[in-house]
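The values are calculated or read from the model by the stated rules, or taken from the named source; none is laboratory data. Only a predicted model underlies this, so the values are computations on that prediction, with no experimental measurement involved. Counting neighbours? That spans all protein chains shown, and the Cβs are built from the backbone with ideal geometry, glycine included.
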Amino acid sequence: MGAPVINAAEFAAFVLVLLRLSMLVVFAPIFSGSQVMPQLKAALTLMLTFVIAPGVEYSPALMPMTWHGFLFLGLGEVFIGYALAFMVRVVLDAAKMAGEYVSFQMSLSMLNSMDPQGSAQIPMMGMLFNMIVTLFFLYANGHMLVLKAVIDSFKVAPPGLLSVWRPEMFTEALRAVAGMYILALKIAAPVLGVLFCVKVAFGIVAKAVPQMNILFVGMPVYIMVGFAILGYALPWWPGFIEEALVAADQAMGRILAVLAPAASDYRPGY
């Protein structure tokens with residue numbers, strides 16, 4: 001019994017599927033963390049490719065037989081995978097942004113810690129917010145959401161699709177970035193609002209009692225009030241995260257809807 005024969009079209013389709021799934025591991029939340037070993041990321045990408053690739057339908061006539069044609073299709077696969085992962089990544093990035101807002105108001109902006117997912121230093125409150133939102137993200141199966149979206153993308157945009165550069169996809173990216181700022185403000189709003197009132201009150205005290213050193217008196221108060229309001233507002237966070245994940249799911253659905261007519265419009269030889 002001889003070894004199975006794989007033709008060039010099958011191998012090209014396999015590599016294109018691998019490229020799209022690799023964007024999931026490189027950019028999607030949880031999967032892309034630096035705490036995940038590169039060997040594990042590579043193994044996960046190959047495992048997903050071997051599981052998903054046999055069920056992906058494609059047209060052998062669309063598979064490129066030249067290196068420049070394959071390069072062009074590969075860039076399209078990378079773009080599709082990154083676009084889907086980006087829609088969910090902004091949810092966790094909103095938590096970091098909210099933490100930066102709160103850190104500045106609590107006078108903790110100088111305290112930085114290393115973010116294991118982004119491999120960069122962020123304010124301490126940003127790290128705390130990111131850890132809390134990550135737990136909510138995992139509890140809500142957000143990691144499965146982006147995996148499902150990437151798998152569904154092969155149904156509407158199989159390997160070999162060329163015409164993916166449509167303005168609607170950039171519109172969805174801008175909408176996702178705007179949603180990131182809105183989610184960050186929703187998370188940080190209770191702490192920001194109360195600390196604003198506390199600072200106004202200290203400003204009035206500073207005018208009434210100039211001898212009082214507001215800088216040394218106010219900083220411990222800002223920290224205690226900030227953590228107290230944060231603990232009080234924490235029960236509302238799951239609702240915000242669920243709303244953001246639903247919006248991300250809808251955004252990925254709209255991206256797939258953009259890819260679907262592109263796939264139907266493409267014909268071999270274009």
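Before moving on, here are some points about what is shown:
- Count of residues meeting criterion [part of a helix (DSSP H, G or I), modelled with pLDDT under 80, surrounded by 11 or more Cβ atoms within 10 Å (Cβ to Cβ) and not hydrophobic (A, V, I, L, M, F, W, C)] in segment 31-75: 2
- Restricting the first member to segment 195-212 and to residues that are charged (D, E, K, R), and the second to residues that are in a helix (DSSP H, G or I) and surrounded by 13 or more Cβ atoms within 10 Å (Cβ to Cβ), the beta-carbon pairs closer than 9 Å and six or more apart or on different chains are Lys199/Gln105; Lys199/Gly218; Lys199/Tyr222.
- Answer from Glu172, Glu168 - the residue that is of a type in the set (Asp, Glu), part of a helix (DSSP H, G or I), more than 30 Å from Gly218 (Cβ to Cβ) and within 16 Å of the chain's Cα centre (by Cα): Glu172
- Whichever residue in segment 195-215 is over 30 Å from Ile132 (Cβ atoms), hydrophobic (A, V, I, L, M, F, W, C) and under 43 Å from the mean Cα position of the chain (by Cα) and, among such residues, is surrounded by the fewest Cβ atoms within 10 Å (Cβ to Cβ): Ile204
- So Leu192, is it of a type in the set (A, V, I, L, M), surrounded by 17 or more Cβ atoms within 10 Å (Cβ to Cβ) and either part of a helix (DSSP H, G or I) or modelled with pLDDT of 80 or more (or both): yes
- Candidate set from segment 78-95 (those that are small (Gly, Ala, Ser) and closer than 12 Å to Val150 by Cα); member that is farthest from the chain's Cα centre (by Cα): Gly81
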